[in-house]
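Only one structure is covered here, and it is reproduced in the block below.
The values are calculated or read from the model by the stated rules, or taken from the named source; none is laboratory data. None of these values were measured; they are calculated from a predicted model. Glycine gets a Cβ as well: all are built from the backbone with ideal geometry, and neighbour counts include every protein chain shown.
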Amino acid sequence: MSHKATNWLADINPKDLTNAEFRILFVLCDCHNPSAGCFPKQSYIMAKTGRGSSSVNDALTGLEGKGFIRREQRTNPKTGKREATRYILGFEMDGAQEPSPNSGEGKKGSKPEQTGAPTPNSGDGSISGFSADPSPVFGQNHLRKTGVVYKEEPVKEPVKEPCAAGASHHQDLNLVLDEIWAAYPRKGDQLATEEAARSLIEEGASPADLLAAVEAYAKKSASYDESRVKLSQNFFAGDFWRRHVPVAAKVASRDEILQARAKTILEGKTFLCRSITAHAAGECITAGLVTPQDCLQAGIAL
């Protein structure tokens, strides 16, 4: 994060932003480079904030509407393909004067020295007239006695944040969506494509099947005229994509199915384990391939 972005973000009134807008604006400021600009992929923003595509888009639209950011769509002049969006932050825009939601930056210059009593806004002022108490770090100090007594609490074991697994799930899912986008032969609207694939996965479709269907279609359509190849966002509409999921060469035996299911559980990839029911997990436990603890760690409620 650049110093300018840090100072600008610190001066913004929290009441001007929703929780989602602040989190996403923090990520944009963190990605800002004074000489290169700000170009984070939307999948990166989603992974960092733990929010879905629609939530991120709503927050970005809100930030742009309030004048905190401006988005610039860029296209490669040689290939014609869309490149990463550039985010211009408020302090980079022209005409920034008084601090406001439209500019986010005020007049240049240092604050006047405070000579009066301390205030909540400045935090500085006259040195206390009370006798000094020793500081555990620096010895004598000028801290004013407040009369507040702080009770020391015993150290407790750290509590595991419940959102950690969700963040990992978003990161894994975003990697799959990136692979699908990279493999598709005729790219259309990236956001619409990722949203369509995400919806299918949330409805129970296998991410591996989606990627395999895309790869098979890319190979099949390699000899087509481009106009005959479906745009990426249309590939997942209806059941068209299912026609291209490769059929297994042979029917797997029950033991092979249980072993593959157990492997998925042991790998602990939450977004894949969501399709495994408690009964199916119980079959793996009965076969001695996994333990109940393995299933619980993978997010399967027994």
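Conditions (1) touching a Cys at 6+ places or on another chain (Cβ under 9 Å); (2) at pLDDT 75 or above; (3) part of a loop (DSSP other than H, G, I, E, B), marked per residue:
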residue	(1), (2), (3)
ASN57	no, yes, no
LYS78	no, yes, yes
PHE91	no, yes, no
LYS108	no, no, yes
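Return the pair list, or none, for Cβ contacts closer than 7 Å from residues in segment 1-19 that are β-branched (Val, Ile, Thr) to residues that are part of a loop (DSSP other than H, G, I, E, B) and surrounded by 14 or more Cβ atoms within 10 Å (Cβ to Cβ), at least 6 apart or on different chains.
ILE12/GLY104
Here are ALA237, ALA281: which of them is of a type in the set (A, V, I, L, M, F, W, C) and not assigned by TED's automatic domain parsing to the domain that holds LEU210?
Numbers: ALA237 fails: not assigned by TED's automatic domain parsing to the domain that holds LEU210.
From the options ALA237, ALA281, the qualifying one is ALA281.
With the requirement that a residue be more than 19 Å from LEU191 (Cα to Cα), surrounded by fewer than 20 Cβ atoms within 10 Å (Cβ to Cβ) and not hydrophobic (A, V, I, L, M, F, W, C), what does segment 22-52 give you?
Within segment 22-52, ARG23, ASP30, ASN33, PRO34, SER35, GLY37 meet the criteria.
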